[in-house]
Amino acid sequence: MIICKKPRGLHDLLEKKNIGQHEIGFVPTMGALHAGHLSLVVAAKKENRIVVCSIFVNPTQFNDPLDFKKYPITLEKDILMFEGVGCDVLFIPSVEDIYPKGTNNLEHYDLGFLETVLEGKFRPGHFQGVCLVMARLLEIVLPNNLYLGQKDYQQCMVIKKLIELIGLKDKIKVNICPTLREEDGLAMSSRNTRLLPDDRIKATTISKALRYIKENLKAGETKKIKDEAKEMLLQKGFLIDYVEIANADTLELIENWNGKEKVVALAAAFLNNVRLIDNMVINT
Ligand code: AMP
């Protein structure tokens, strides 16, 4: 595995490696790796000659500065984990490399409705930050295939929209990989390591509440089942941002389900300052 720290160096290396038009697969991460991240690399390995991964804890996407400060960093372990699953090139830029002009007064991306609901509503500015870093990373790596996790359902939609906005739609295919879960159902997340032992046990309720919706949603009003799922979380001491059912393709919130429309249940809630998100597609 080659480790690159500078955008220019990575760019030149990929240009050289891509001489035979080999496909490049790209897996962007913020490090603190777990098996969910690695599953993206495994998927990328199957479909590409060269797999590039990145580790960059992006300051512009944290709407809570404390969350940024506390974001787990396990770089040495991450390098070994990426190497272990066959990552070819690991890009680890610095903040100055990605944001040479600083992190203020940067581009604004018109994400429309997507930025007004769910994560967009509860984490103002978050998706602008995601777009800022992804636009830079995609322009440096210029992958043929991009690998993202369904765990961050709305983020996948935002990045697809970004790729359209920056004119790379014909060049980059977005591949969305299933959410990897712990044995008890908790979606794997770098933030799980910050859960206190008692909270780690309670944290499974978020996937249980979503599963409850998935298994019991009937055509008609959605309020009652959402309230029941919220109650499950409240009883375990969660502070809820949202539990919603939305159109799986547009994220329009569904108050009345016709029983046919493809929908997804999404939740975000805190356990002692650790914010967890998860989602389940109801009818595939
Ligand atoms: P992050 O390091 O949290 O920015 O995540 C990097 C990528 O890994 C994103 O595309 C995430 O959606 C994906 N990811 C995070 N958790 C999981 C998981 N449990 N299963 C599959 N993919 C995941």
Kindly check whether there is at least one residue in region 185-205 that is of a type in the set (Gly, Ala, Ser), within 11 Å of the ligand (Cβ to nearest atom) and in contact with a Pro (Cβ under 8 Å, 6 or more places away or on another chain).
yes
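Of the residues 267, 246, which is in contact with a helix residue (DSSP H, G or I) (Cβ under 6 Å, 6 or more places away or on another chain), among the hydrophobic types (A, V, I, L, M, F, W, C) and closer than 16 Å to residue 121 by Cβ?
Working: 246 fails: in contact with a helix residue (DSSP H, G or I) (Cβ under 6 Å, 6 or more places away or on another chain).
Exactly one of 267, 246 is in contact with a helix residue (DSSP H, G or I) (Cβ under 6 Å, 6 or more places away or on another chain), among the hydrophobic types (A, V, I, L, M, F, W, C) and closer than 16 Å to residue 121 by Cβ, namely 267.
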Taking the criterion of being assigned to a helix (DSSP H, G or I), closer than 20 Å to residue 52 by Cβ and open to solvent by 50 Å² or more (accessible area, probe 1.4 Å), would at least one residue in region 138-151 satisfy it?
yes
Residue 35 - would you say it is within 30 Å of residue 186 (Cα to Cα) and surrounded by 14 or more Cβ atoms within 10 Å (Cβ to Cβ)?
no
Does region 18-25 contain any residue that is within 16 Å of the ligand (Cβ to nearest atom), buried (at least 21 other Cβ atoms within 10 Å of the Cβ) and not small (Gly, Ala, Ser)?
no
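This table checks each residue for (1) modelled with pLDDT of 95 or more; (2) acidic (Asp, Glu); (3) in contact with a Ser or Thr (Cβ under 7 Å, 6 or more places away or on another chain); (4) more than 15 Å from residue 280 (Cβ to Cβ).
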site	(1), (2), (3), (4)
169	yes, no, no, yes
175	yes, no, no, yes
179	yes, no, no, no
184	yes, yes, yes, yes
190	yes, no, no, yes
197	yes, no, no, yes
200	yes, no, no, yes
203	yes, no, no, yes
208	yes, no, no, no
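The values are calculated or read from the model by the stated rules, or taken from the named source; none is laboratory data. Only a predicted model underlies this, so the values are computations on that prediction, with no experimental measurement involved. For neighbour counting, all protein chains shown are included, and Cβ atoms are generated from backbone atoms with ideal geometry for every residue, glycine included. These area figures cover heavy atoms from the full protein model, side chains too; ligands, DNA and RNA do not enter into them. Shrake-Rupley method; radii C 1.70, N 1.55, O 1.52, S 1.80 Å.
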